[in-house]
Each structure stands twice: as structure tokens, then as C-alpha cells.
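Encoded as C-alpha cells, the structure appears first; notes follow it.
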Amino acid sequence: MKKFCIFIFLSLLATSLYPQTDSSVSKLDFRFKSLQADFTTLILVNTFSGSADFDFYSDGGKGSAGIRAGFDYYGIGDVGGGFREGSPCTDLNILARATLSDRILRIDVYGGLTSHNTSKGGDYNGIYSKFGIEFKARIYGDYVGLIGKLGITKAAYGGFGIFVGYGK
């Protein structure tokens, strides 16, 4: 996982070192896009997440693509109280991301690898594929808003909540 992350980072960095002169590919550029923390909840599921997004492609308007590095900490509860077996979980993520956004709404679709860890250990821990989607409605600039999210990996989680962050 560590070698894979270093390879992706160096590959993306190399594309930003050499300027492109052809206007058809001048949109390739590795840049910071956003930083966020969010809390979501749904019946028996609570999630706290943090992430940083970097673009390597932007159409200058509503669409962009890049990578997301971050973590998710989530607990899946049991009806009788406490956590379900294999929960709470911490995922460390390196994900490919596609974004559509306008002045108020933003949709992120992502997929990649996660290092999934639980307090239970054993078969629950490991590196898995991860896919997800987020819907955001900005309330105060790019700093505060509402979020709905769904993530699928070794365990599925999702919910509705708030996000705080900074974005370009």
C-alpha cells in the first residue's frame, strides 16, 4: 500500500513539473482542491471523516478529477446497544475522485484502496477496495454545509450530517 501511494504521488507530481503547450492538454495540472472534515449519522451508524482532495484535471468550470487522501472512522451500532462485531472501524484511504459542482451543490464519486482496521483485528483488518459517493449542499461559502454520503468497503456505511472545510 505504501509503495502504491508513493508511486501514484510521484506520477502525479511528474505531470505537474513539465508545462504543456498544447491547449487541449493544458488542463492537466496537479493542484489542491479542498480540505474537509465531516460528521454523518444514520440509524445505528455514526461516521467522522477527514480528507484532502487534489485535482489533476479541471475543465475550468463544473467538473474535475483527482485523488483523495483521508480517513473514515465509523461505528455500526447494535440494536441492543454497543457496536456490531468488527466495529468501530478506521479506514485510511487513497482514492481516485470525480467531482461535479456548481455554486451550491457538489457531487463526489470515488473509488480506490483503503487500509481497513478494527479493534477486533484478525480477518477484519486488511487492504480492500472502496467505493463511495457524497452529495454536498453549501450553506456558508465553501466552509460549512450539509452532506449525504455512502461508502462501501469491508463494511458499508453512510448517513447525513454536516461538513466544515476549505475548497477552491
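The values are calculated or read from the model by the stated rules, or taken from the named source; none is laboratory data. Just so we're clear, the structure is a prediction, and the values are computed from it rather than from any experiment. Positions of Cβ are backbone-derived with ideal geometry, glycine not excepted, and every protein chain shown enters the neighbour counts.
Is it the case that ILE67 is in a strand (DSSP E or B), loosely packed, with under 13 Cβ neighbours inside 10 Å, modelled with pLDDT of 90 or more and not small (Gly, Ala, Ser)?
no
Only one of GLY161, GLY112 is at pLDDT 95 or above and either over 14 Å from the mean Cα position of the chain (by Cα) or in a loop (DSSP other than H, G, I, E, B) (or both). Can you tell me which?
GLY161
Would segment 20-42 turn up any residue that is more than 20 Å from GLY167 (Cβ to Cβ), in a strand (DSSP E or B) and at pLDDT 85 or above?
Within segment 20-42 (the criterion being more than 20 Å from GLY167 (Cβ to Cβ), in a strand (DSSP E or B) and at pLDDT 85 or above), the answer is yes, since at least one residue qualifies.
Can you tell me which residue in segment 119-156 is farthest from the chain's Cα centre (by Cα), limited to those that are of a type outside the set (D, E, K, R) and at pLDDT below 85?
Ranking the qualifying residues of segment 119-156, first place goes to GLY122.
Can you report the number of residues in segment 134-168 which are free of Cβ contacts under 8 Å to residues at least 24 places away in the same chain and either under 29 Å from THR118 (Cα atoms) or out of contact with any Lys or Arg (no Cβ under 8 Å at 6 or more places or on another chain) (or both)?
The qualifying residues number 8.
Test each condition in (1) at pLDDT 90 or above; (2) surrounded by fewer than 17 Cβ atoms within 10 Å (Cβ to Cβ) for ARG84 and report the one that comes out false.
(1)
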